[in-house]
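Trainee: Here it is, the structure in full.
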Amino acid sequence: MKFILGTKGKMTTVYTAEGMAFAATVINATPNIVTQIKTPEKEGYTAVQVGAGDTKEGRVNKAQFGHAKGKALKHFRELRPRLPAGRRALDGGKVDATFPEVGTTVDVSTFAVGDTVTVSAISKGKGFQGVVKRHGFHGGPRSHGQKHSERSPGSIGGGGGRAGGRVAKGMRMAGRMGSDRVSVRNLKVLQVLPETNELLISGAVPGRKGTLVEIRG
């Protein structure tokens, strides 16, 4: 299992030797430290915990400082190996996986050009949005006789008609948009730059610049 934590950087274009152009996202991934291995015998599941990002020692409490073996780390994340289809219901999510030992440093050289990865992060928060932006509604007609209906959601039920006079569960309406954990699968590693601790990954990944991202191979 390949994994690393990093922060989202800018987007750029990567050209191959054949002249093809790919949109790419730059991931700044400073070396991570394996801080704990979780096993089915002790914790009930299989996972690896990694720490990343240096910070001031005064910003880390004593428990975290001791857990990281005397290092002031900013972020901690657990990464679980991906289960084959049908395995989760059969064995409760337990899976055999090989992880580095606690204290091992993981850097971008773990990955190679052409690897397929899954990137997870928190998407951009957009606040309270209407149905046109949030769900792609077309809005009301702009013909004569219509007033203030350009971006309205239309009927939501009620009145004894649809759903018996109530609003059906799951009705698409206005509300908070963004700030959700999003995972994008089947992205390709286009370049690995160990000298600058950067990965160039095809396509766009969730979040804004500086967002913490998890990369799993």
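All of the numbers you see were taken from the coordinates with simple rules; none came from a lab. Every value quoted in this text rests on a predicted model; they were computed, and no experiment measured them. Heads up, the Cβs are rebuilt from the backbone with ideal geometry, glycines too, and the neighbour counts pull from every protein chain shown.
Trainee: Measuring from label point to label point, each 7 Å out along Cα→Cβ, what is the Glu57 to His144 span in nm?
Mentor: 8.0 nm
Trainee: Any idea what the dipole of segment 134-178 comes to, in debye rounded to 20, about its Cα centre with Lys/Arg Cβ at +1 and Asp/Glu Cβ at -1? The partial results should precede the final answer.
Mentor: On the way: 9 positive and 1 negative charges, 29 e Å.
Here the size comes out at about 140 debye.
Trainee: Shifting gears a bit: Lys/Arg Cβ at +1, Asp/Glu Cβ at -1, dipole of the chain taken about the Cα centre: which of Gly53, Ala121, Val14 is farthest positive-ward?
Mentor: Toward the positive end, the furthest listed residue is Ala121.
Trainee: Once Lys and Arg get +1 and Asp and Glu get -1 on their Cβ, which of Met177, Ser155, Gly165 lies farthest toward the positive end of the dipole of segment 134-178?
Mentor: Of the listed residues, the answer is Met177.
Trainee: Hey, another quick one. Given Cα pairs under 8 Å that are at least 6 residues apart, what percent is the relative contact order of the chain?
Mentor: Relative contact order of the chain: 30 percent.
Trainee: Based on DSSP H runs of at least 4 residues, each adding -39500 (n - 2.57), what is the mean residue ellipticity at 222 nm of the chain after dividing by all its residues, to the nearest 500 deg cm²/dmol?
Mentor: Numbers: 3 runs with 16 residues, N = 217.
About -1500 deg cm²/dmol.
Trainee: Residue separation times 0.36 nm, minus the C-alpha to C-alpha distance between Phe65 and Val102: what's the value?
Mentor: 11.8 nm
Trainee: I'm spelling it out carefully: the read-out is Kirkwood radius over Cα pairs in Å, the candidates are (1) 18.6; (2) 20.8; (3) 18.2, and one was derived from this structure. Which label?
Mentor: (2)
Trainee: Next question. Summing +1 for each Lys or Arg and -1 for each Asp or Glu, what net charge is found among the other residues whose Cβ lies under 13 Å from the Cβ of Thr35?
Mentor: +3
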